[in-house]
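The values are calculated or read from the model by the stated rules, or taken from the named source; none is laboratory data. Fair warning: this is a prediction, and the values are worked out from it, not measured in the lab. Note that each Cβ is placed from the backbone with ideal geometry, even for glycine, and that neighbours are counted across all protein chains shown. Side chains included, ligands, DNA and RNA excluded: accessible areas come from the protein's heavy atoms. Shrake-Rupley method; radii C 1.70, N 1.55, O 1.52, S 1.80 Å.
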Amino acid sequence: MENMQQPNKWKAFLQNNSSQISLIFAMLLLIAVGGVTSEFFFQWKNWKSIMTGVSIVGTMSAGLTVSMLLGGLDVSQYAILAFSGMMFAIMLVWWKFNFWLAVLLVAVLGVILGLINAFTVCVMHVEPMVATMGTQFIARGLAFIVTDAANQRVGEIPEVLFIGTGNILGIPFCFWVMAIVYVLIYFMLKYTKFGRDCYAVGANSRAAYLSGINLTSVRTRAYIFSALLASMTTILYVGQIGSALVAAGNGLDLDASTAVILGGLSVAGGKGNVVGSFLGCLFLTILNNIFSLNGVTQYWQTVSKGIVLIIAVGIDSIRGGGGEQY
Amino acid sequence: MSALLEMKQITVRFPGVLANDNVDLDLEAGEVLALVGENGAGKSTLIKVLAGENVPETGTVTVDGTVMDTFTPSVSESLGVAVIHQELNSILQLSIAENIFVGNLPLKHGFVDYKKLYADSLAIQRRVGLGHLHPSLKALNMTVAERQLLELAKVVSKEAKIIIMDEPTATLNTSETEALFKIIKDLKAEGKGIIYISHKLDEIFAVCDKVMIMRDGKKISQEEVKSITRDEIVTQMVGRHIEDMYPVHERPIGDVVLEVKNLRTKLLKDVSFKVRKGEILALYGLIGSGSDEALRAIFGADKFESAEFYMDGEPIKINKTYDAMAHGIAYIPSERKSEGLFLQKGVDYNVTISSLGAFSKHGVLDLKKETSLVTEWIDRFRIMTPETDTKADSLSGGNQQKVVLAKWLSTDARVLLLHEPTRGIDVGAKVEIYNLMEKFCEDGYAVIMVSSDMPEVLAIADRVNTFYEGRITGEFTGSEINMDNLLRYAIGGEV
Ligand SMILES: Nc1ncnc2c1ncn2[C@@H]1O[C@H](COP(=O)(O)OP(=O)(O)OP(=O)(O)O)[C@@H](O)[C@H]1O
Ligand SMILES: [Mg+2]
């Protein structure tokens, strides 16, 4: 066509990834602030602790990205982490299960909890946020019930110890796990039919259905993903702490969602990617790290998280979200 | 007499596209100006400048002596410009009456005066042929054609000097189009200026005074309708001569592929029909006749009460769209924006979303192969897009329609269900689509189509079933397929 001109590829790339790019700039700024306010900040030891910290929220966010792409929040992840953590410890310590069997059963538990979420959303047609809130209460309650509200030490099991403190090539083992999860999910979203379908369902579920996509199947798999990764993250968590805590992640229920939204995923669904989610997690972790290094209290950290969330969601809605509205 | 509207040297640029290149447009009071051109020629872009939705890079717009200095929809409206957009934009959650009078509801003691609202609404509804619907009906529950008439009602209710209609008849059938023409003639007699965009060229000779032809963002020519022929318009539009508008011929017709028995919905009463190998079957009916519902039911698009389906004589179950797809059935919806497309996704994503299997190996998509498949479709349909991954949202209406067609034609369907397949498509691309349908049938596949475009139905259907009030009233083949029969049986039959 005569009136077609060569569009600027770079410009298009910048436009499509604007939230990730602005996040990178914000992060560079944050790192500069960190360096100025604390001389400890740039030490390798500190970065190792950032890596350890980001691996928990990061692994969960990777799964959350999949379910949130369909539209709606999933707030059950941290409760699932707490409950499956307790079960993991009980299996290892009380029941003396083999480590790998315990890992497998924790995964099964995650799948079951994911199925509950999927059932409530798909069959009972409950809003995702409310549906997952239900699961959140159930899992949180059960976490307390199974040990009568007692934390459970996992002691000296070598595999658990390695997960918590081990390094490969000088980088924490947990971080490697998270990195592999991200690569897999990045690949899944980009190169598989399931990945394409997630975007379609989130962007316009009517058109997705009329494109021959099985909405229930896509949603079910996405919720399973989200819950499964939450339950698997518990193994990293228990490894790092050395115990399963009944109140693990209590009050942090929206941390992963905040990171994901910060990474440019639209709350309405259909827009965003896993790279953004990782950047969001890294940003929040570094922010917390700087606060801790400077002796800012937990309470102020919570306040700042709220501010960051509002800014992120505000930007998302000013941009018009990703979902198509009619 | 000075012109009612003067647009001078309008230039509009989008990323990668020069959509309007130094375009002039003049309109007198009491005149109907047709604006024609291929998909992506820049027609909608130009009228969106007048509507205050596009800001031109250069150029001036003068309405009735007043220069438009800022380009916003409210400025445009205050100058007396009203628009019926190519894409329907009624607010689905609101009623007919509320849609017509939104922002201007009659009040009584501070509350909405529903009695007056409904009475006023009904008066306007009758004018545009929506008198049979209650003003409190939500737009959500209206068919696409009814929503098109609602757009017209909204414009008629405003006291505008200039009325723009961007493809108002794309989903209307013959009698509804007649009603629209009558309204246009009334408006013209009242001294309004009308800009009329359409790909149905016959309409131009029916209601327009002048015709302005655009190509590649430029104004090519402007003529009196009296002094130009249809062929001349087409040749100027597409830059070449089109021999045969409907290149569909007799072909051998085989056994029954798909049979629908006793289809029952709220509206349809035990409807049965079948389509054979190599056949193009048209279901023809007016708004509310159920022809479109029948088509959608076969694909599982909407819920139905009961039905039996047979594929090659074997009973099959269809409850959901993916059941139908698994049996080789494809459905192309008429409402491309809400049902056919993912507007925020690229052309490539949209084209391949239903045929990912064609380029995946062990469940892994081969993105290089995807790009080359998409490029093939872009070339074949001449889809005007700067890049293969340009957002569907930024394509012109007709090009969006081509994307939806490509999406389904690239699946390995054996039965195509087409709902307004050529809605908003230019003459050149229409021929291409008919060619594809013909080829599809020659390969022994079958097509069922619902179209409001009468000439299209007459020319390409091998058999027609007419629908009226949820029943099939007639079946026609060969020379029985004529306008007389179809119209008569679409309003019940024994008239
Ligand atoms: N918002 C937009 N962003 C980017 N490009 C656009 C936008 N709107 C239109 N275009 C481009 O401008 C060109 C002209 O589009 P326009 O909608 O004016 O065509 P049209 O003549 O109305 O075609 P049709 O008959 O298909 O409706 C097309 O190439 C289209 O892709
Ligand atoms: Mg247009």
| Pairs where the first residue, in segment B:305-324, is more than 14 Å from chain A (Cβ to nearest Cβ) and open to solvent by less than 60 Å² (accessible area, probe 1.4 Å) and the second is assigned to a loop (DSSP other than H, G, I, E, B) and of a type in the set (A, V, I, L, M), C-beta under 6 Å, 6+ apart | B:PHE309/B:ILE318
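I'd like to check something: does segment B:93-109 contain any residue that is within 14 Å of chain A (Cβ to nearest Cβ), away from ligand 1 (no atom under 16 Å from the Cβ), out of contact with any Gly (no Cβ under 6 Å at 6 or more places or on another chain) and open to solvent by 30 Å² or more (accessible area, probe 1.4 Å)? Please lay out each step first, then the result.
Residues of segment B:93-109 that are within 14 Å of chain A (Cβ to nearest Cβ), as a first pass: B:93-94, B:99.
The next check asks that each one be away from ligand 1 (no atom under 16 Å from the Cβ); those that pass are B:93-94, B:99.
Filter once more, so that each one left must be out of contact with any Gly (no Cβ under 6 Å at 6 or more places or on another chain): B:93-94, B:99.
Narrowing further to those that are open to solvent by 30 Å² or more (accessible area, probe 1.4 Å): B:93-94.
So far as segment B:93-109 goes, yes, one or more of its residues are within 14 Å of chain A (Cβ to nearest Cβ), away from ligand 1 (no atom under 16 Å from the Cβ), out of contact with any Gly (no Cβ under 6 Å at 6 or more places or on another chain) and open to solvent by 30 Å² or more (accessible area, probe 1.4 Å).
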| Residues of segment B:252-280 satisfying the condition of being open to solvent by less than 40 Å² (accessible area, probe 1.4 Å) and closer than 25 Å to B:ASN173 by Cβ | B:LEU258, B:VAL260, B:LEU263, B:THR265, B:LEU268, B:VAL271, B:PHE273, B:VAL275, B:GLU279, B:ILE280
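Any residue that is closer than 30 Å to B:GLU335 by Cβ, open to solvent by less than 50 Å² (accessible area, probe 1.4 Å) and at pLDDT 85 or above - is there at least one of those in segment A:227-238? Please lay out each step first, then the result.
So in segment A:227-238, the residues closer than 30 Å to B:GLU335 by Cβ come out as none.
So far as segment A:227-238 goes, no, none of its residues is closer than 30 Å to B:GLU335 by Cβ, open to solvent by less than 50 Å² (accessible area, probe 1.4 Å) and at pLDDT 85 or above.
Within segment B:399-416, how many residues turn out to be more than 16 Å from ligand 1 (Cβ to nearest atom) and within 11 Å of chain A (Cβ to nearest Cβ)? Please lay out each step first, then the result.
If we filter segment B:399-416 for residues that are more than 16 Å from ligand 1 (Cβ to nearest atom), which is where we start, we get B:407-416.
Filter once more, keeping what is within 11 Å of chain A (Cβ to nearest Cβ): B:407-408, B:411, B:413.
Selection size over segment B:399-416: 4.
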| note | In segment B:326-352, residues that are facing chain A (nearest Cβ under 9 Å) and among the β-branched types (Val, Ile, Thr) total 1
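Would you confirm whether any residue within segment B:28-45 is within 16 Å of ligand 2 (Cβ to nearest atom), touching a helix residue (DSSP H, G or I) at 6+ places or on another chain (Cβ under 9 Å) and among the β-branched types (Val, Ile, Thr)?
First pass over segment B:28-45, keeping only residues within 16 Å of ligand 2 (Cβ to nearest atom): B:33-45.
Still in the running and touching a helix residue (DSSP H, G or I) at 6+ places or on another chain (Cβ under 9 Å): B:34-41, B:44.
If we keep only those that are among the β-branched types (Val, Ile, Thr) too, we end up with B:36.
Yes, segment B:28-45 has at least one match.
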| remark: Every listed condition ((1) under 24 Å from the mean Cα position of the chain (by Cα); (2) farther than 19 Å from B:TYR445 by Cβ) holds for B:PRO247 save (2)
| said: Condition first: surrounded by fewer than 15 Cβ atoms within 10 Å (Cβ to Cβ) and either in a strand (DSSP E or B) or within 14 Å of another protein chain (Cβ to nearest Cβ) (or both). Now tell me which residues in segment B:214-239 satisfy that. | reply: B:SER221, B:GLU224, B:GLY239
| Pair list, Cβ < 7 Å and 6+ apart or interchain, from segment B:161-182 residues that are closer than 20 Å to B:LEU4 by Cβ to residues that are open to solvent by 10 Å² or more (accessible area, probe 1.4 Å) and within 16 Å of ligand 1 (Cβ to nearest atom) | B:ILE164/B:VAL83; B:ASP166/B:SER44; B:ASP166/B:HIS85; B:ASP166/B:GLN86
| remark: Scanning segment B:7-49 residue by residue, those part of a loop (DSSP other than H, G, I, E, B), open to solvent by 20 Å² or more (accessible area, probe 1.4 Å), more than 22 Å from B:GLU167 (Cβ to Cβ) and within 11 Å of ligand 1 (Cβ to nearest atom) turn out to be B:PRO15
| Residue that is farthest from ligand 2 (Cβ to nearest atom) [pool: residues in segment B:179-205 that are small (Gly, Ala, Ser) and outside any helix (DSSP H, G or I)] | B:GLY191
| Residues within segment B:281-304 that are away from every other protein chain (no Cβ under 13 Å) and open to solvent by 10 Å² or more (accessible area, probe 1.4 Å), tallied | 7
| If B:GLU87 passes every condition in (1) within 21 Å of B:LYS218 (Cβ to Cβ); (2) within 14 Å of ligand 1 (Cβ to nearest atom); (3) not β-branched (Val, Ile, Thr) but one, which one does it miss? | (1)
| message | Just checking, does segment B:387-398 include any residue being away from chain A (no Cβ under 14 Å), within 16 Å of ligand 2 (Cβ to nearest atom) and open to solvent by less than 10 Å² (accessible area, probe 1.4 Å)? | response | yes
